[in-house]
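The block underneath contains the structure these notes are about, expressed in structure tokens.
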Amino acid sequence: MRRATRLMSCLPLLLLAACATSQPWVELGGERFRVEIADEYDERARGLMFRDRLEADAGMLFVHEQEQPLAYWMRNTRIPLDILYFDAQRRLVSVSQASPCSLGSRCPPYPSAGPALYVLELNAGTARRLGVKRGDVIRFSPDIPEIGKP
């Protein structure tokens, strides 16, 4: 009885610790990726610029204000990336393989094949390795916002 009481008294602390260390994640193709969230204009504009590496189990999720055709570019991005576009139902719209670009405003755009609300950037080759295809659904951790901010 004393042991159970002690365990129950520690439970709130354990739950609090678990919440404090959680990081947003997405699941795609049977794998989970830790993600940084870019849900405000300035965060979306900066993205993964000027970074030299991205962990294999990590990425960046861009959350837009509305579903619409989107185009991303690799200006000042040093890491080759897969750019995955998802619609409001979290279905994969299209994937682009993007190379680093140091040409400033002359970097080519990578447009979505249709309206998208979410964009996931992962290390280049990840989409192919996972075998994802148009219509595949991405899952989000509960702390990821549904809609981005201006």
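Would you tally the residues in region 46-80 being crowded, with 19+ Cβ neighbours inside 10 Å and among the polar types (S, T, N, Q)? Qualifying residue count, region 46-80: 1.
Strands (runs of 3 or more DSSP E) fully within region 1-76 that include at least 1 residues being modelled with pLDDT of 95 or more and over 23 Å from G148 (Cα atoms): 31-38.
Screening S102 on (1) closer than 21 Å to S22 by Cβ; (2) out of contact with any Gly (no Cβ under 8 Å at 6 or more places or on another chain) shows it passes everything except condition (1).
Of all residues in region 55-71, those that are touching an Asp or Glu at 6+ places or on another chain (Cβ under 8 Å) and within 17 Å of S99 (Cα to Cα) total 2. Within region 54-76, residues that are small (G, A, S) sit with their Cβ atoms under 7 Å from residues that are surrounded by fewer than 18 Cβ atoms within 10 Å (Cβ to Cβ) and assigned to a strand (DSSP E or B), at 6+ positions apart or across chains, in these pairs: A58/R34; A71/P109; A71/P111.
Under the condition of being in a strand (DSSP E or B) and among the hydrophobic types (A, V, I, L, M, F, W, C), which residue from region 77-93 is farthest from the chain's Cα centre (by Cα)? Write out each step before concluding.
Initial filter on region 77-93 (in a strand (DSSP E or B)): 77, 81-86, 91-93.
Now restrict to residues that are among the hydrophobic types (A, V, I, L, M, F, W, C): 81, 83-84, 86, 92-93.
Details: L81: 12, I83: 10, L84: 9, F86: 10, L92: 13, V93: 15 Å.
Once the filter is applied, the top-ranked residue is V93.
Please count how many residues of region 101-150 are of a type in the set (S, T, N, Q), crowded, with 19+ Cβ neighbours inside 10 Å and assigned to a helix (DSSP H, G or I). Don't jump to the end; show me each part of the working.
To start, the set of residues in region 101-150 that are of a type in the set (S, T, N, Q) comprises 102, 105, 112, 123, 126, 141.
Pick out the ones that are also crowded, with 19+ Cβ neighbours inside 10 Å and you get 112, 123, 126.
Narrowing the set further to residues that are assigned to a helix (DSSP H, G or I) leaves 126.
Residues in region 101-150 being of a type in the set (S, T, N, Q), crowded, with 19+ Cβ neighbours inside 10 Å and assigned to a helix (DSSP H, G or I): 1 in total.
The values are calculated or read from the model by the stated rules, or taken from the named source; none is laboratory data. Keep in mind that this is a model prediction, so the values were computed, not measured. In this analysis, Cβ positions are derived from the backbone assuming ideal geometry, glycine residues included, and neighbour counts consider all displayed protein chains.
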